[in-house]
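To start, the structure under review is shown below, and the notes come after it.
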Amino acid sequence: MRPLLDALAAGDTEIVIPVIDGDELDWVRYLPGGEVQRNSLGIAEPTGTRLGAAVLDSVDVVLVPALAVDPAGHRLGRGRGFYDRALRRVSVPAVAIGYDDELVPAVPAEPHDRPVQAMLRPAGYVPFLLPTEPVPDPV
């Protein structure tokens, strides 16, 4: 991801990336070469100023890491639901980032899972045809 983020930042694209805040994601601006620290889960996160979840109201696209994605837009992450909770508040496309072999025929999905609209992988961009109805929040 870092080479992609660096290339986007070099083109004057403003990038915000997630940091874990309890059970939710917060967001900080991505600065190439910026300082990072490991969080309680061992994930490297930037040390910048936290912008709050409302920053997602101003983004054009959300890039979402994935371990597997299917043509229905279902994706597997690391199993804690951080991105599913964050994606509830966005109306822009969510695009999974993964390797070519991580586009698979089917991925299990639960009612709280939020689909992605496409996948970006080394072989190229793969758009998914998804229902136009919004996914309801689980009760």
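The values are calculated or read from the model by the stated rules, or taken from the named source; none is laboratory data. Remember, it's a predicted structure, so these values are computed and weren't measured experimentally. When we count neighbours, we look across all protein chains shown, and the Cβ atoms used for this are built from the backbone with ideal geometry, even at glycine. Remember, those area values only see protein heavy atoms, side chains included, never the ligands or the DNA or RNA. Shrake-Rupley method; radii C 1.70, N 1.55, O 1.52, S 1.80 Å.
Touching a residue at least 12 places away in the same chain (Cβ under 8 Å) and surrounded by fewer than 15 Cβ atoms within 10 Å (Cβ to Cβ), is that true of residue 3? In short, no. Only one of the numbered conditions (1) part of a helix (DSSP H, G or I); (2) within 13 Å of the chain's Cα centre (by Cα); (3) of a type outside the set (D, E, K, R) is not met by residue 18, and that is (1). Does residue 67 count as in contact with a helix residue (DSSP H, G or I) (Cβ under 7 Å, 6 or more places away or on another chain), surrounded by 15 or more Cβ atoms within 10 Å (Cβ to Cβ) and in contact (Cβ under 8 Å) with a residue 12 or more places away in the chain? Against the criterion (in contact with a helix residue (DSSP H, G or I) (Cβ under 7 Å, 6 or more places away or on another chain), surrounded by 15 or more Cβ atoms within 10 Å (Cβ to Cβ) and in contact (Cβ under 8 Å) with a residue 12 or more places away in the chain), residue 67 qualifies. Looking only at residues of the stretch 44-64 that are under 16 Å from residue 81 (Cα atoms) and in a strand (DSSP E or B), we find that the one that is most open to solvent (accessible area, probe 1.4 Å) is 63. Pairs only if they're at least six apart or on different chains, beta carbon under 7 angstrom, first in the stretch 13-39 and within 16 Å of residue 88 (Cβ to Cβ) and in contact (Cβ under 8 Å) with a residue 24 or more places away in the chain, second part of a loop (DSSP other than H, G, I, E, B) and charged (D, E, K, R); list them, first residue then second. The qualifying pairs are 26/50. For the stretch 20-43, indicate whether the set of residues that are surrounded by 15 or more Cβ atoms within 10 Å (Cβ to Cβ), hydroxyl-bearing (Ser, Thr, Tyr) and in contact with a helix residue (DSSP H, G or I) (Cβ under 7 Å, 6 or more places away or on another chain) is non-empty. Yes, because at least one residue in the stretch 20-43 is surrounded by 15 or more Cβ atoms within 10 Å (Cβ to Cβ), hydroxyl-bearing (Ser, Thr, Tyr) and in contact with a helix residue (DSSP H, G or I) (Cβ under 7 Å, 6 or more places away or on another chain).
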